[in-house]
Each structure stands twice: as C-alpha cells, then as structure tokens.
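What follows is a set of notes on a single structure, which appears directly below.
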Amino acid sequence: MVRPERADWLDKVIAKTVPGEPPEPDFAAWRRAHAEALEALAQRAQRKTQSQAIAPAAIELGRRIMKCPISKLAVAAILAVGIFVLVSHLTGRKTAPPEAEPTMAESAPALEPRELDSVFQDELAQAKALYTQRDVAGLLSLLETGQYDTKMKVAEYLGEIGDGSALSALQSFAAQWQGAPDANPFQKAIDGIEERLAQLQPTPLESAEPNITPAEPDTAPAEPNTVTIASSALSRPLTGASGMVLDKLTQEPIAGAFVGYRLSDPNTSAETDASGRFVLTGLPPSERLYISIIAQGYVSKRIVTRIVRDQLTKGVLIELDRGSRVEGRVTDPAGNPVAGATVKTFYFTNRPAITGPDGHFEIDGLSPVVDVYSLHTTHPDYPAASLRFAPGAAGQSVQQDVVLTPGVDVYGQVTDPNDQPLAGATVGNTASKAMWNCITSRTDAEGWYRLENVDVGELVLWAVHPRHALHVQRVMLAQGRSEEQIDIQLQTPAPLPCRVIDEAGEPVPGVYVVVHEYNGVSNLDEARYTSDADGWFVIPNAPSEGTIRLNPYGAGISGETQRFELGQDECIVVVRRAGRIYGRVVADAAGEPIPEFTVKLTATAVGERTYGYRALWNREGVTFQSRQGLFDTGEEDLPVGAAFYMTVFAQGYDALTLDPVLVQPISNDPNRTEFRLPAATLTAGVVVDAQGNPIEGATVAVYAKSERWEPTHWRKFGADASGVFVISGVSDDQQYLFVTALGFAPHCGLRSELKTTDSRPARIVLEAAAGAFGIVLDEQGRPRPGLRVEVAKTRDDNDELLDQRYPVVRRSATTDENGYYELSELPVGRCMVYLKSSSGEDLRSKWATFAPGQTTEVNFGDN
Amino acid sequence: MVQAARRGDAEAFGSLYQRHYATMVWLAYSILLDRNLAEDAVQQAFVKACEKLADLKRVDRFSAWLTQICRNEAYQLARSRRRSVPQQARESTCVAEPAAEGPDLGLVKEAVAQLAPMYREIVVLHYYNRMDYRQIAQTFGIAGHTVRGRLFRARRQIERTLRKNGFPER
C-alpha cells in the first residue's frame, strides 16, 4: 500500500482509531452513587444565599458612612495608613530609596526579551537603538517594515520623541487599529507628539521672518477665525473647533451629521444640531488636524484644520455633496449568509460594516464621481476578498454581493541548504508584505510554518531569514483542498557590496537603504543598511540570481528605488540631493502678498514625472499663512531639478497653476517662483433639460487635463432652483466641464461654452439618461446569477478634443437568480458593456449605443 | 443552567452532567489511555465539581473549570495506578489498546499515545469526540488559534512518528 497523498489521509486514519463506543452519560446512576455530593451542593448553596443576603445591609451601612464627608476622610486616612504599613512590611524598609536618574535609553519603555523571539528581539533592539539616537527616519522605516508588535513599540518611541514628521505615518496606522480605541498605540503616539508640539509652540507673535516650511507655517498673532474662550464649567479654556455643516447644493444645514477627530471616540466627536452647527472640543492642538464628517446620504469628507491650544477655531464651514450607497450580502459559495464579515471601502472616512445573521451590509457616504471603489471583505474563516465596483449616482444604491470562498491552509518546513530546519524564518503569501491581506508566519523551532486561509489560485510564497538568501516562489493552489504542504529550502546567500554615490559621482555616507523588492515581491525584508564614509554597504542575504530593487533614503537626499540584476560583483546606487520648491503668492493686480493660501502639488504633465511626496499635497493641499505670501515644500525630500505641477488657491482669487515648477537646492536666499493670482472671475450658466426647463441640483464640475482621472480634485458647483450656477476661483487650465444631474445623461464639454456674446448666461442642455436591461445565460442557456454587468463610457462620440478628455462614467448591476439585470442613469451614445465575475474579472464585452430616455436590451449568451 | 445548579438545583446539575460527560471522558482518556479508568475519573470529577460548584465565581468559565477538575482527577488516578501497577503491566495498560483493526491502526494509536498530553487531549477531543476548534477552545477556555496551532503540531508529530515507523508503506 502506498501512502495516499491526499491531505486528509491522516485525519481519516486517526479517526479510525476511536476506542469503543461514544461515552453515554447516566446521571441517574451517578446520582444514586453520589447522593451525598448533591446534598453537599444544596447545603453550600443555601449558606451562600444567606451570606449574600447580609451583603446588602453591609453595603447600605457603607453608603451611609461614605455620605458624611468627615467619615469619608477618616476612612481614606485609615486606608492610606494601612497601605503604607503593608508596603513597609512587605519591602522591609520604611521608605523606598531614591531611584537613580534614568538614562535616555533606560527611560525607554521596558522590554521583555524572554517572551520575544529572536527576530522580534532584533527589531526591538534596533528600535531601541534608533530611539536612543533620536533617529526618527530610522524609526519610521521600522514602522513600515517591522512586525506588528514592533510597529506598536516604534509608535511608542515616536510618541516619546515627539517629532511632527511622524504624524502622517502614524495616522494611517491609527486608522487601521482594530482593538479597543483607548488602547490604540498609534493614536497614543499621535497624541503624545501633538501634545509635545503644542508645548514647544511659542506664544503666537508676529515673527520677523516668515516660517516657510509647511510643518511650521508662520502664525499671525490673533487670527480672525480663532478666539480664546473661557468655559464657565471648566477651569481652562476649550481646545477645539466649531462651525456648520451644509448641503453643498442647497446650502441647507445638515442636522445629525457626525463631526469628529476619531471615528470611535465620543470625546473628540460631535453631532450637528438642527441648524447644522457643531462644537468640537477635546481636540489635540495641531497645525493640520484631520476631521471627518459623515452624514446619512452625503459623501463622507475629511478636512484639515488648524487647532490651537486653549482656543476654539470658529466658523469652520463644511459643505457636503450628495452621496450614494453600496449594499449587498456576503455569502459562501453555496449561498449561505456569512455573518460577522467586515466589509469596507478603502476610503478614509467610511466606517466599515459588519454583516448580520443574514449576511447583509450597507455602506453609505460614497462619492458618485469616484470612478471605482475597492470593496474589501474579511472574515476569520475565509481568505480576504477584494472587488471593485462603480458607485451609483447621488441618492442611489448599488447592489454588490460578495462571495467568500474557502481557502487553503498552506504549511511546510523551511530548511537550510544542508536540510536542517530553520527557526525564525518569516514566510508570507502576497506580492508585498505591506498589502492589506498579507498573511505571514514565523517558523517554529523545527522550521515549520503555517499560513491559514490562503486564497486559491496563484500563491506568491516568499521566505526571509537573515542568514540565508531571500526566497520567492510561485505555486498554483488548487480548489477543493483544505491543506497544502509546501516545503521551502533556502539557499546560501551571495553577499552583495553596494555603493551610494550622488550624481557627481561622489560617495554619500549615512544613506539608509532597504531591499524594496526581490523577484517581484516588495517589502519582504525588514533589514536596513547604512552607507559608510565611502558610501559602501553590504547586503548579506542577497540571492545569487534574480532582480532586486533597492530604496535609498535619508536626510538631504532624495532617493528613488533602483533595480539591479543579481550575480554582479557590486552595485552602484545613485541618489539625488534633496531640495525644495520655494514660492511667493501675490495678487496679480497690485502685487501685494496674499497672506493665506493653499498649495497643491502633483507630478508634472510635461517631462519626467517624480513621485514620493505625501498624499496631502495632491489631495487636500497644504494651507500656508504668511504675511509675505511665502511658502516652501519643507521636508518633502524632493530631488533638486525635478519638475512639478503646482496650483495655488486663495479666497477671492482665481486659482493659478504653473507647470513645470522646479525644485531648487536648499538655500537661505532662494530664487522664489512667483504665483500671481488674478482676482476671482465669475462665470455663470444655466442647466436645462431638452424642453428648456431648469434642472435644480445639477452638479457642474470643472477640471484640468491632468485631473481627468482624479475626480476628487475637480472643482464642483451646484445649480440652484433656476438651474443657475456660478463658477469662480478655478485655474486657467481647468478647461473642461462635466455636468451631471439625477435622471439625466452626463454632459462633457469645454469651459469656453460658457462664454456668451450677450449678457445672458450660457445654457447647458442635458439629455434624459438612458437605461439598459437584459439576461445573462451560460452556454447551455441557463441563467447566470451573481455576475456584474457594467456600462462604461470613456470617450466622446464626436469631438476629438473631448474624446481625449472625457472622464470615465460607469454604472453597474448584478444579475439576479434568473440572470436578469437592469441599469438606469446611463450615459447616451456609444458605450462598452462589460460582463464581469463577482470579483470584477472581465468575462465578455460588447459595444452598445444608448438613446436619451430609452431603455435598450443588451443580453449575453442568448444566441 | 450553571447558575441554577450553583443554587443547588439537582436537575440543572444533571443537565450539565449530560452535556459535558462525553467530553470529560475523552479528556480523561487522553491522559489515562484507558476507557474504564477514564470513566472512573470522570465520575469522581463530577463529585468534586458538585461539591465545589457553589464556590464557582465565574459561571461563564464552568467548562474550563470542570475541565481542570477532570484533568486533576485523571492525573491523580494515573499516579495511583503507577504506584500500584508493576512496570510491565502498566505498559500494556496505558499504551494503546490492542490493535484489533490491524497493525497500521495500532501504529497510529501508538503515535497518538506518544504525544505530549497537551497535544493528545486536543487530538482525542477533535477526532474521537468530533469537536471543532471552537468547541474545544470554548471547553478549555483558550483561544481558537491556540487549539489550531496545537492540533497542527500534533498532526505533524503523528505524521513524523508514522513515517519513522514505515507507515503505511509496506
């Protein structure tokens, strides 16, 4: 007999060895044999009941004593003396000796090395060393690459150091924390940093020279929108913000909106009252504090505001766009509901939904103009599932079901080249250790690892051990098996000497380098190397073949990842020196500096594109306050000579975009790029239907060529009850219009359409939206439920210019149990109709032409 | 039900007995490797539980509490057997029962018997009493992933022992 290769053979043979019949309880027999035991139970229970009856009287007596202040003090004194005597007795001395002043390293939070495995121990030692050296960059790197326990410890260190540059990294981890809100180590670190920054912040005074870094903008002595208040109830003034939440379209107040710093903390959140007003207190002082706003039926939003200690920042005005929803069911492949699954969109303001017993979930607050959302579903008994869906129009709900498929438990033994088991190796399953669904496992003393609930299909299996070559392999996991054994043999490494030089060929010491990627898997190795005085460092666990991508970083340099073929004698890492963009913002007419403005930055549209800056720059932008109208890009480490696309916004002015804007060497007397903002121009228009009736609530979006794929960056304006809208404050390059309204097909056009020869506003005519319906059948003519039918329009039918600037419009629906689907709110003209699997994989597609106000039949598999 | 039994309700205690009996027998078996001895140990364990139930503070931990009593009783019985039974006789009693199903299954039983008690009790409850991870975790008052981990290691150990003994190639 040959040992069967099926994974469950062991289960079967063990189950066959059951000795005898199942045990059968016979309580009557036991009771007869042990009547005294039951008797004892009854007696003890009775005594307990009697003793418990005494307790209320004792409690009442205690309460009476504690009501009297004098007796309360007496009891406290007796307790204190009692504790003192007890401590003295236990310690054997009357007072504790004075403790030695701790050193910086000693004052770090204590470690418990006995409980830690070797790699974790190494990481902690590294973190402690970095903390001792106050190496924030190093700690941030470890925060990204370390194990989760290490990350928590690193967060603690960062909180103690109190450097503001760590805030953005910590905020992303804090947002992902799934434990008790009070125990969030990343949030604690943020609070610690913000508190420290607030302490360091001098009393607001007019500074002689403006502070031009974004982290520390210069501050006017008394800002018009901040006020110091003294609370009558509290001994110290409040720190926070107050304002109003409005419907952007109607300017009506929104009652019951959630406004908060942390989604789960009632102390830093508030609800708007009937007039849409809120007062948010208990906020940590910060130059840039993120506040989330969530309201039923509206697009969730996050704003950045400045919070000053003991001041209430007043007049924060928040306008919300009407939003859409996604809802559906999470089921297993047999259609049974999966309860307790966490479903969320990867968007910072949407709360995750937990499925109930029926597997149903609903997420509100989606933006109708976002092209595609990712929907991530996790459950302890299934592999994580991710799919993409197009949100519906404002006020609509998109149905998106999720099917969780059972995974495979992958296990095996990791050995060295001599077949000896390797303990402490890290094994993972995704193309990046930083991915949200990455599962990792560390090998035990006998080299065994186990990855539970791994997705079937291609598995990217990687293993890292500090003394052996990095390992990546790809295997196919078949469906229908619950376990798969994959042993891994690590190879002898080929240590790789590397040298860091600048563009002039000079060695650059002190540069940190990490292995960003090996054979297509990124962030797998947590080790970090530092270039020596001659720019050299060695990667001890480099494999002898394959490709490796290195990421250099550090103060004063702007590193980009660089790819190398392995098997060479050495590799040369070229870094660029870091610089800044220096700017000055003035009014075009008078040349006077503009004291408050917002700067957005993104990759240039002309020439080589450079990335690596914080998302804040191209998402919300960075707001500066400077009486001289000065700003710079601070510690972004942009490479000298790189070009960027930069837009400046200011109240009362049209936005101005300059591209390219060049990064200059760091200087005390830089040659500043001047942004001359023209006074705001107002352009009006009216949105009407085909019969000339005004369309209330139409949204007019204005965007630039470079913003075609980024609808969150568009400037949006609403049409009033007369269909009239007014555009202002947009930049010259925002030349494209995209007009949408519920029940109408979107209109794409040029801003020049709004220019008229007479004084009457230009008219934009919207056609009625189209619809579609149909059936999806398989090859045998059977209905295909649960598939997604998606209609997408990505180009204009006639205009060549618009053809290249047309934004993506998608609408999708899921087929029901009979294979039917229906779609409304479709664009008119020629569109592509896709048939997709529930996970978003393209199955088929065909062109279809939709007419205004008409519903067209589009079937799949009916021929 | 635990609350009612704690108040001296014999019927409620009877229900607890019915519910936990089989699990406790298999748990005791995992220590004693003898069905008769296991049932004796469990009888005694319920006596102890009955006597001390009124003192149980956390009724939600009843299963874990009963489990520990049962383990103690089984070990107590094992120790007393060791004192009273000669070495040769003990081996024939405490190692697997006669392999009536054939030599292969006898090897499997031996492999199970060679596991450390911590692993053996999980294997016995999972395969013999057909309890899943969650049920075992609930009974023992430990985390589900701990049970999974122990079961994983136990299976690996059994597999290795079987391979070493040439199972089942012949």
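In debye, nearest 20: dipole of the range A:683-766 around its Cα centre with unit charges on the Cβ of K, R (+) and D, E (-)?
Magnitude of the dipole: close to 100 debye.
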Which whole number gives the average, over all residues in B:126-132, of C-beta atoms from other chains lying within 10 Å of the residue C-beta? 4
In whole angstrom, how far apart do the alpha carbon centroids of the range A:286-356 and the range A:621-669 sit? 31
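Shielding of B:1-11 by partners, i.e. mean partner chain Cβ atoms within 10 Å per residue?
Details: counts 0, 0, 0, 1, 3, 4, 6, 11, 4, 7, 1.
Partner Cβ neighbours, averaged per residue: 3.
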Note down the magnitude of the dipole of the range A:398-544 about its Cα centre, charges +1 on Lys and Arg C-beta and -1 on Asp and Glu C-beta and zero elsewhere, to the nearest 20 debye. 60
Unit charges at the beta carbon, dipole of the range A:817-863: most positive-side option, A:Asn859, A:Tyr820, A:Trp847: A:Trp847
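With every protein chain kept in the model, how would you rank A:His360, A:His747 by accessible area, 1.4 Å probe, largest at the top? Kindly include the intermediate steps, with their values, before the conclusion.
Values: A:His360 70, A:His747 45 Å².
I get A:His360, A:His747, largest accessible area first.
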Based on the Kirkwood radius over alpha-carbon pairs, what value in µm²/s does the Stokes-Einstein equation return for the translational diffusion coefficient of the range A:324-403 at 10 °C and 1.306 mPa s? 127
Extending each Cα 7 Å along its Cβ direction at A:Val724 and A:Gln296, get the distance between those two points in nm, one decimal. 3.4
Net charge contributed by nearby residues that have their C-beta within less than 12 Å of A:Val410 (K/R +1, D/E -1): -4
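Could you order the peptides A:35-43, A:786-794 from most to least packed, using the average number of other C-beta atoms within 10 Å per residue? Numbers along the way, then the final one.
Working: A:35-43: 16.3, A:786-794: 21.2.
Taking the mean over residues of other Cβ atoms within 10 Å, the ranking is A:786-794, A:35-43.
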Could you tell me the center-to-center distance, by alpha carbons, between the range B:103-138 and the range A:829-863 in angstrom? 55
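Please compute the alpha carbon radius of gyration of the range A:683-766, then divide it by the globular-protein estimate 2.2 N^0.38 Å. Two decimals is fine. Walk me through the intermediate numbers first.
Working: Rg = 12.0 Å, N = 84, 2.2 N^0.38 = 11.8 Å.
Compactness ratio reported: 1.02.
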Just report the Cα centroid separation between the range B:23-77 and the range A:765-783, whole Å. 65
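How high is the relative contact order of the range A:677-790? Use alpha-carbon pairs under 8 Å, at least six apart in sequence, and give a whole percent. Before the final figure, lay out the partial values.
Working: 205 pairs, mean separation 31.7, N = 114.
Contact order relative to length: 28 percent.
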Using only protein heavy atoms and a 1.4 Å probe, report how much of A:Met152 is accessible, in Å² to the nearest 10. 50
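Averaging sequence separations of C-alpha pairs under 8 Å and six or more residues apart, then dividing by the length of the range A:565-685, give the relative contact order as a whole percent. List each step's numbers first, then the result.
Details: 261 pairs, mean separation 42.5, N = 121.
Worked out over the range A:565-685, it gives 35 percent.
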Taking every pair of Cα atoms in the range A:770-857, average 1/r, invert it to obtain the Kirkwood radius, and report Rg/Rh to two decimals. 1.01
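What is the average number of partner chain Cβ atoms found within 10 Å of a Cβ in A:38-47?
On the way: counts 9, 4, 7, 13, 7, 2, 8, 8, 3, 1.
Mean partner-chain Cβ count within 10 Å for A:38-47: 6.
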³J(HN,Hα) across the range A:491-503 via Karplus (A = 6.51, B = -1.76, C = 1.60, θ = phi - 60°), whole Hz, x for Gly/Pro? 9, 5, x, 10, x, 10, x, 10, 9, 9, 10, 8, 5
How large is the charge dipole for the range A:568-663, taken about the Cα centre, if only the Cβ atoms of Lys, Arg (+1) and Asp, Glu (-1) carry charge, to the nearest 20 debye? 100
Which cross-chain or sequence-distant (5 or more) residues have an amide H under 5 Å from the amide H of A:Gly729, H modelled 1.01 Å from N in plane? A:Ala655, A:Thr681
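The values are calculated or read from the model by the stated rules, or taken from the named source; none is laboratory data. Model, not experiment: these values are computed from the prediction. Don't worry about glycine lacking a Cβ; one is built from the backbone with ideal geometry, like all the others, and counts go over all protein chains shown. Side chains included, ligands, DNA and RNA excluded: accessible areas come from the protein's heavy atoms. Shrake-Rupley method; radii C 1.70, N 1.55, O 1.52, S 1.80 Å.
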